[in-house]
Amino acid sequence: WMLSASFKLNKDVFVFPIEWIPSNPHPQNYVDIWTRIPLLTFIGNTAKLTIIVTLLQLFTSSFAAYAFAKLNFKGKKVLFLGYIATIALPWQAYMVPQFMMMRSWGLNNTHLAIILLQAFSAFGVFLMKQFAETIPTEILEAARVDGAGELRTFFSVVFPMIKPGIGALAIFTFVNTWNDYFLQLVMLISEEQWTLPLAIANMQGEMSTDYGLIMAGAALASVPIIIVFIAFQKYFTQGIAMGAVKG
């Protein structure tokens, strides 16, 4: 419906019964979306945030999962349960404290605030821990006997064995960050800092809305998500399958 509406005039979008293939296509929506708003700026902002957050979450979640799964340290179980318990809290419950914290650091209306708040993921740690636990301890002990430190053991032994989980987490993180709206709405004020979700949402007017134009923007915004899924679908399906068996 989104793709169909993106090729319609505003008056034809909500015609019933739905005309799935427009009899009079209006591709001008895709031209107007580039001329009415600085689309390249918004795409660049979204891509920057999404790539940085995805890489940071893969890095932090993989390391934390390895520590929780294979290292022994005091308070490990309590710390893990406390960390995972944060998943049960809705973001709205700590939205205001996060905003106040970023403001006190002078980071409100900056991309860095969003990056810092999303660099860690309890869900990512939980997901990656399921893969790290499947690694035989004997392999890790053999690496340590050969003189490998923890970092070398992680990158040479652990990392190649948890690639399916990393692929699955990469898709989850990329899609969630690319489509994120509420955190960016709270943290970003100036238009030059906006991302695609904010820009598309602000195209909705108080008195009138060009839904064909908005659907064209939404269709363009969905293209990178489709590309990422196609690129990582092998790891995604492996990750889901392995997680199901482990569960």
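The values are calculated or read from the model by the stated rules, or taken from the named source; none is laboratory data. Worth saying up front: this structure is predicted, and the values here are computed from it rather than measured. Glycine gets a Cβ as well: all are built from the backbone with ideal geometry, and neighbour counts include every protein chain shown. SASA here: full protein model, heavy atoms, side chains in, ligands and nucleic acids out. Shrake-Rupley method; radii C 1.70, N 1.55, O 1.52, S 1.80 Å.
Tabulated data for the structure shown
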{"quantity": "Long-range neighbours under 7 Å by Cβ, at least six apart or interchain, first residue over 20 Å from Ser121 (Cα atoms) within segment 154-168, second not in a helix (DSSP H, G or I)", "calculated": "Ser156/Ala148; Met161/Ile135"}
{"quantity": "Members of segment 158-168 that are more than 30 Å from Tyr181 (Cα to Cα) and open to solvent by 60 Å² or more (accessible area, probe 1.4 Å)", "calculated": "Phe159, Pro160, Met161"}
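Residue-by-condition table, conditions (1) surrounded by 13 or more Cβ atoms within 10 Å (Cβ to Cβ); (2) at pLDDT 85 or above; (3) within 22 Å of Asp32 (Cα to Cα):
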| site | (1), (2), (3) |
| --- | --- |
| Ser156 | no, no, no |
| Ala170 | yes, yes, no |
| Gly212 | yes, no, yes |
| Ile227 | no, yes, no |
| Lys234 | no, no, no |
